[in-house]
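Participant: Take this structure, written in structure tokens, and hold onto it; I'll ask about it next.
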Amino acid sequence: MDAKRGQVTTFVIVGIVILAIVILLYFLRGQLFLGPITTTSLADRLVPLETHIKDCLKKISDEPIKRIGLQGGYLSLGEGVYRMQQGQGISYLCFSQGGKATCSNRMLTSTFMEQQLSDAISKGLATCLNIGKFKKGFDLNIGTQKVTTAIGPSAVVVTLNLPLKLRKDDVVVQRDTFSQSFPYPLGRLYEVSQDIVDYESEFGEFEQLSYMLTHKGEYVIEKKKPYPDKLYILKTKDSSYIFQFMIQGEATS
């Protein structure tokens, strides 16, 4: 009886040890290379890192892309070039010419907006990226980071160029670029803003109703007049994204 009991105990112990080994291998499977190292197996190790980078890029980029629309194309608001409206700073895109119905175009460009976004996102990534935690078990060389932003008609694409070279023994895999697309019609709304500013700077008062009719309701243009300025709020019919800006007026005594 004691012999049988001893055999049962031995089997239980062996079973527990095997189960412990299986569980340990399960949790370490991401850090161990089982079998020969191949380009495919090594590339699989980059997947969690790629996911981390793209998630970080998405998290950091969304806020400044929305904010640049709410602030009229500028992320930084300098003294005398914006007006507070219901707690939101909104840039002047056309300045008063002193007694004239027309205004002076500030000449905002999409290239300048792209550069502002790229700079802000590049700085923000430092608060989010943690590539060091992915270095266990292999050599990971990290290149120089560069962010580029492309404002399209219906989407903003942010691309992070960050060369990563993963090496294990004689096998090497490399990734260079990571991109995220945001479905915000910043490009289209920017073009509408420039149509408005061009008209205001050349002729004066812009008539938004005829413009919306001409474009068959593709855009929603709201005009408000917080004295002595004008506030234009732009949207497309298929998006809640907002681009708004101020036209500076002159107070009369």
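Participant: I'd like the full set of residues that are free of Cβ contacts under 8 Å to residues at least 40 places away in the same chain and open to solvent by 70 Å² or more (accessible area, probe 1.4 Å), limited to segment 199-232.
Facilitator: Of everything in segment 199-232, those that are free of Cβ contacts under 8 Å to residues at least 40 places away in the same chain and open to solvent by 70 Å² or more (accessible area, probe 1.4 Å) turn out to be TYR199, GLU207, LEU209, LEU213, THR214, LYS216, VAL220, GLU222, LYS224, LYS225, TYR227.
Participant: Scanning segment 142-186 for residues that are open to solvent by less than 20 Å² (accessible area, probe 1.4 Å) and over 15 Å from the mean Cα position of the chain (by Cα), which turns out farthest from SER41 (Cα to Cα)?
Facilitator: The selected residue is LEU162.
Participant: Could you look through segment 27-62, keep only residues that are more than 17 Å from ARG167 (Cβ to Cβ) and among the basic types (Lys, Arg), and pick out the one that is modelled with the lowest pLDDT?
Facilitator: Per the stated criteria, the residue is ARG29.
Participant: Same structure, new question: Just checking, how many residues over segment 115-128 are open to solvent by 40 Å² or more (accessible area, probe 1.4 Å) and either closer than 20 Å to TYR82 by Cβ or in a loop (DSSP other than H, G, I, E, B) (or both)?
Facilitator: 4
Participant: Within the set of pairs 6+ apart or on separate chains, which have a first residue in segment 71-94 that is more than 16 Å from LYS225 (Cβ to Cβ) and open to solvent by 50 Å² or more (accessible area, probe 1.4 Å), a second that is in a loop (DSSP other than H, G, I, E, B) and modelled with pLDDT of 95 or more, and C-beta atoms under 7 Å apart?
Facilitator: LEU77/GLN71
Participant: If you check every pair at least six apart or on different chains, which have Cβ atoms under 9 Å apart with a residue in segment 125-138 that is over 24 Å from ASP62 (Cβ atoms) and touching a residue at least 24 places away in the same chain (Cβ under 8 Å) first and a residue that is surrounded by 14 or more Cβ atoms within 10 Å (Cβ to Cβ) and not basic (Lys, Arg) second?
Facilitator: Pairs found: GLY137/PHE33; PHE138/PHE33; PHE138/LEU42; PHE138/LEU166.
Participant: Kindly indicate whether GLU200 is touching a Cys at 6+ places or on another chain (Cβ under 8 Å) and acidic (Asp, Glu). Reasoning before the result, please.
Facilitator: Working: touching a Cys at 6+ places or on another chain (Cβ under 8 Å): yes; acidic (Asp, Glu): yes.
Judged against the criteria, GLU200 is a match.
Participant: Can I ask one more? What is the one condition in (1) surrounded by fewer than 21 Cβ atoms within 10 Å (Cβ to Cβ); (2) assigned to a helix (DSSP H, G or I) that ILE196 does not satisfy?
Facilitator: Condition not satisfied by ILE196: (1).
Participant: Still on this structure, please answer the following. Restricting to segment 199-227, name every residue that is hydrophobic (A, V, I, L, M, F, W, C), touching an Asp or Glu at 6+ places or on another chain (Cβ under 9 Å) and either more than 27 Å from MET84 (Cβ to Cβ) or in a strand (DSSP E or B) (or both).
Facilitator: Going through segment 199-227, the residues hydrophobic (A, V, I, L, M, F, W, C) turn out to be 203, 206, 209, 212-213, 220-221.
Retained after the next criterion (residues that are touching an Asp or Glu at 6+ places or on another chain (Cβ under 9 Å)): 206, 212.
The answer is MET212, and nothing else.
Participant: Evaluate the following for SER104: is it farther than 30 Å from PHE182 by Cβ, in contact with a Phe, Trp or Tyr (Cβ under 8 Å, 6 or more places away or on another chain) and at pLDDT below 95?
Facilitator: On the way: farther than 30 Å from PHE182 by Cβ: yes; in contact with a Phe, Trp or Tyr (Cβ under 8 Å, 6 or more places away or on another chain): yes; at pLDDT below 95: no.
Criteria not met by SER104.
Participant: Return yes or no: is LEU93 of a type in the set (A, V, I, L, M) and outside any loop (DSSP other than H, G, I, E, B)?
Facilitator: Yes; evaluated as a whole, the condition is true for this residue.
The values are calculated or read from the model by the stated rules, or taken from the named source; none is laboratory data. Keep in mind that this is a model prediction, so the values were computed, not measured. Using ideal geometry, Cβ is built from the backbone for each residue, glycine included, and neighbour counts are taken over all protein chains shown. Accessible surface areas use protein heavy atoms only, side chains included; no ligands, DNA or RNA. Shrake-Rupley method; radii C 1.70, N 1.55, O 1.52, S 1.80 Å.
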